[in-house]
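Encoded as structure tokens, the structure appears first; notes follow it.
What follows draws every value from the coordinates through simple rules; no lab data is involved. Please read all numbers here as calculations on a predicted model, not as lab measurements. Ideal geometry is used to build each Cβ from the backbone, glycine not excepted, and the neighbour counts take in all protein chains shown.
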């Protein structure tokens, strides 16, 4: 069962259980998926699981950014809402690698491909993105890659 089907099944289950938080969050997720499908129409047939994972990660990142803004505005009600949405979205994401595991992976990729300078950053990030979508936080990976290639 692909990721889109899992999201749809969870949505149906949430409706049956009358879990309003999950229903609302999954409605947003399904809407984002539909928007993405419309935007790629003609370029490729369907969204892959990697595309959906990337979309879900972006949604989590947006909510974390919102939480920062709400903390500055001292809006605990909105912070709680965003955290609840993150919890629902993260159920579809694979477990994230720790910073140390991410660093080990990046160092291995650098050695295996003989990357030596910051000019190789794009190639490195493309390899990480294509092989570890959903498993590695790309923001953390970018920082580690920059410091590793800058040596």
The chain - mean residue ellipticity at 222 nm from DSSP helices (-39,500 (n - 2.57) per run, n ≥ 4, rounded to 500): -25000 deg cm²/dmol
Helix 76-90 axis, angle to the chain major axis (alpha carbon atoms, nearest 10°): 70 degrees
Tensor-based shape of segment 3-90 (alpha-carbon gyration tensor, a/c under 1.5 rounded, otherwise prolate or oblate): oblate
Computed over segment 99-149, the ratio Rg/Rh where both radii use C-alpha atoms and Rh is Kirkwood: 0.90
With Cα atoms, 0 to 90° folded angle of helix 20-40 axis to the chain main axis: 60 degrees
Length gained when the stretch residue 114-residue 147 is fully extended (0.36 nm per residue, less Cα-Cα span): 10.3 nm
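Taking 22 Å as R0, compute the FRET efficiency from the Cβ-Cβ separation of residue 101 and residue 121 and round it to 0.05. Provide the component values of the computation, followed by the final result.
Values: r = 20 Å, r/R0 = 0.92.
After rounding, the FRET efficiency stands at 0.65.
Give the Kirkwood hydrodynamic radius (Å, one decimal) of the chain, defined as one over the mean of 1/r across all pairs of different Cα atoms. It would help to have the intermediate numbers written out before the result.
Values: mean 1/r = 0.0578 Å⁻¹.
Over the chain, the inverse of the mean reciprocal pair distance is 17.3 Å.
Taking a quarter of the surface of the Cα convex hull of segment 27-71, what do you get in nm²?
Working: hull surface 13.8 nm².
About 3.4 nm², averaged over all directions.
Note the full-extension length gain between residue 62 and residue 140 as 0.36 nm times their separation in residues minus their Cα-Cα distance, in nm to one decimal. Walk me through the intermediate numbers first.
Working: separation 78, 0.36 × 78 = 28.08 nm, distance 1.56 nm.
Contour length minus Cα-Cα distance gives 26.5 nm.
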Degrees, to the nearest 10: 121-132 long Cα axis against longest axis of the chain: 50 degrees
Per-pair calculated FRET efficiency, R0 = 25 Å: residue 28 and residue 131 via Cβ, rounded to 0.05: 0.30
